[in-house]
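S.K.: Please see the structure below; I have some questions.
Laboratory data are not the source of any read-out in this text; all were calculated from the coordinates shown. Predicted, not measured: the structure shown is a model, and the values here were computed from it. Note that each Cβ is placed from the backbone with ideal geometry, even for glycine, and that neighbours are counted across all protein chains shown.
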Amino acid sequence: MSFQYTEEQIKLKMRVRKFAEEKLAPIAPEVDTTADISWEVVRLLAEEGLCRFVVPEAYGGVGIAPPNLAIIREELSRVCIQADDTFIMSAMGGLPIILFGNEEQKRKYLPRVAKGEIIGSYSLTEAGSGSDVANIQATAVPDGDAYILNGHKYYASNGGGAEMCSVFAKTDPSQGGRGITAFVIDAKTPQPGLKVKLMNLVAAHPGYEIIFENYRVPKQNVVGEPGKGMRVAMTTLDVCRCSVGAATVGIAQAAFEEAMKFAQQRQAFGRSIAEFQGIQFKLADMAMNIQAARLLVSQCAEMTDIAHPERTIGRASMAKLFSTEMASRVVDEAVQILGGSGLIEGCKIDRLYRAVRAPRIYEGTSEIQRITISRSLMKGEIGQ
Ligand SMILES: Cc1cc2nc3c(=O)[nH]c(=O)nc-3n(C[C@H](O)[C@H](O)[C@H](O)COP(=O)(O)OP(=O)(O)OC[C@H]3O[C@@H](n4cnc5c(N)ncnc54)[C@H](O)[C@@H]3O)c2cc1C
């Protein structure tokens, strides 16, 4: 097994780094402190051709390769959290169609995503059910050539601006998780029966409530088979989980770089604080943990087959759990190294400090990842 990037991967990493530093860095202080969707970020991602990395070649993309997702997410989140969110939400909104949708749906949505004309979202969570997915209460009742949706979704990242929003609702509530069906909807309002509301979260994140009140969805918008939506929802998460780890490696890397720079400049007791061993040891631990997480993510990404992401589910949980928890510790240490300067509202470390908390919760909390890892261990899928 190789532990090095290929030449192509290095090229991609350098390309995204250059793009992020030249185009995203100037706008990051504003977009990463503004909760709503940044259409300027969407435009820049499209212009750079990055939207094509979440779409198969047959529909105008370059194909979805988990190692590329990891590389792109690390480099985007290192500079601009919102760019990373926007990039991956189009993957999460589109994967249900890519993996389970019909040809008509693929032709309708995917070429537009590749060009950055539309963005994606994924709406599963509700106020009363996050980890316990089978307990969602949204319903979809057949009515002629349509379904009537009722329900209240929470935290749908980029939800309010997504013309390709994957939504999950129960078509047979008596069947629990087996009664869930996946739909693709246009969540842009105004539309009869649809309301969206931006949520107020600790980090400036475009999380939306989506409220359906007798909202009519044509039957042709069912993604996959009716009643098989749980598999659609879980497979999408299984593909993307490892890349959450990559995004937090990027956040941790950014925090480390801020701390390193500060430590070399800041004078205390007649020398730079980087000369104190107490600070050097912190920096050494931060760098080591970031690299360990990056390797775990890279290995999992290399092994992930998007047609069968369930085969690497335990590894993906390890990559996500380790990286997200590592990043929280690294960002916290970076604040410590910056002292009071790390707590000034709106500064880079402040933005990272706010952003790093949510990934331990979304796409499966740390506790749920531990459950998945334990199950994989019991089945002998990982552990050696
Ligand atoms: C910034 C952000 C963005 C998000 N984006 C999206 C999105 O785009 N689309 C979407 O659908 N959702 C999204 N979510 C929702 C997210 O996926 C859920 O918040 C997450 O799954 C946890 O669900 P919950 O908040 O309902 O917590 P709960 O599931 O109620 O969990 C509460 C606590 O109980 C623990 N717990 C639950 N079950 C167990 C168990 N069996 N064993 C041990 N502990 C357990 C959890 O780990 C947690 O600590 C987002 C959330 C955030 C914060």
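S.K.: Give the residue from 105, 14, 287 lying farthest towards the positive end of the charge dipole for the chain; charges sit on Cβ (+1 for Lys and Arg, -1 for Asp and Glu) and the dipole is referred to the Cα centre.
M.R.: So the residue furthest toward the plus end is 287.
S.K.: Can you give the log10 of the normalised intensity I(q)/I(0) at q = 0.13, 0.23 Å⁻¹, computed with Debye over equal Cα scatterers of the stretch 117-227?
M.R.: Evaluating at q = 0.13, 0.23 Å⁻¹ gives log10 I(q)/I(0) of -0.43, -1.33.
S.K.: From the cross-link list 170/379; 106/320; 170/228; 108/188; 11/348; 106/197, which pairs have alpha carbons spaced over 21 Å apart? Can you show the working numbers first?
M.R.: Values: 170/379 31 Å; 106/320 29 Å; 170/228 10 Å; 108/188 16 Å; 11/348 27 Å; 106/197 28 Å.
Correct reply: 170/379; 106/320; 11/348; 106/197.
S.K.: Only helical DSSP H runs with n ≥ 4 go in: add -39500 (n - 2.57) per run for the chain, normalise by residue count and round the 222 nm mean residue ellipticity to 500 deg cm²/dmol.
M.R.: About -16000 deg cm²/dmol.
S.K.: When N is the residue count of the stretch 179-283, what does its C-alpha Rg come to as a fraction of 2.2 N^0.38 Å? Don't skip to the end; give the middle numbers.
M.R.: Details: Rg = 23.7 Å, N = 105, 2.2 N^0.38 = 12.9 Å.
After normalising by residue count via 2.2 N^0.38 Å, the value is 1.84.
S.K.: Charges on Cβ only, +1 for Lys and Arg, -1 for Asp and Glu, centred on the Cα centroid of the chain; of 233, 137, 193, which one is farthest towards the dipole's positive end?
M.R.: 233
S.K.: Name the longest site-free stretch of the chain, where the excluded sites are chymotrypsin sites (Phe, Trp or Tyr not before Pro) in a DSSP loop with no more than 14 other beta-carbon atoms within 10 Å. Write down the numbers at each step before the final one.
M.R.: Working: sites that count: 3, 5, 269, 276.
In short, 6-268.
S.K.: Would you calculate the convex hull of the Cα atoms in the chain and tell me its volume per residue in Å³?
M.R.: Numbers: hull volume 52.0 nm³, N = 384.
Given the Cα convex hull of the chain, per-residue volume reads 136 Å³.
S.K.: Same structure again: For an R0 of 30 angstrom, estimate the FRET efficiency from the Cβ-Cβ distance between residue 332 and residue 384 and round to the nearest 0.05.
M.R.: 0.40
S.K.: How big is the dipole moment of the stretch 128-270 about its Cα centre under a simple scheme where the beta carbon of each Lys and Arg is +1, that of each Asp and Glu is -1, and everything else is neutral? Debye, nearest 20, please. Don't skip to the answer; put the middle values down first.
M.R.: On the way: 13 positive and 12 negative charges, 33 e Å.
Dipole about the Cα centre, nearest 20: 160 debye.
S.K.: Once you keep just the Cα pairs under 8 angstrom separated by 6 or more residues, what percentage relative contact order results for the stretch 257-382? Show your work: numbers first, answer last.
M.R.: Working: 109 pairs, mean separation 32.8, N = 126.
Reported relative contact order: 26 percent.
S.K.: Next question, about the same structure. If you fit an axis through the alpha-carbon atoms of helix 103-114 and take the longest principal axis of the Cα set of the chain, what angle between them do you get, 0 to 90°, nearest 10?
M.R.: It works out to around 30 degrees.
S.K.: Leaving out same-chain residues fewer than 8 places away, which aspartates and glutamates sit with a Cα under 20 Å from that of residue 219?
M.R.: 103, 104, 143, 145, 163, 172, 186
S.K.: Can you pull out the cysteines in the chain that have no other Cys Cβ under 4.7 Å?
M.R.: Unpaired cysteines in the chain: 51, 80, 165, 240, 347.
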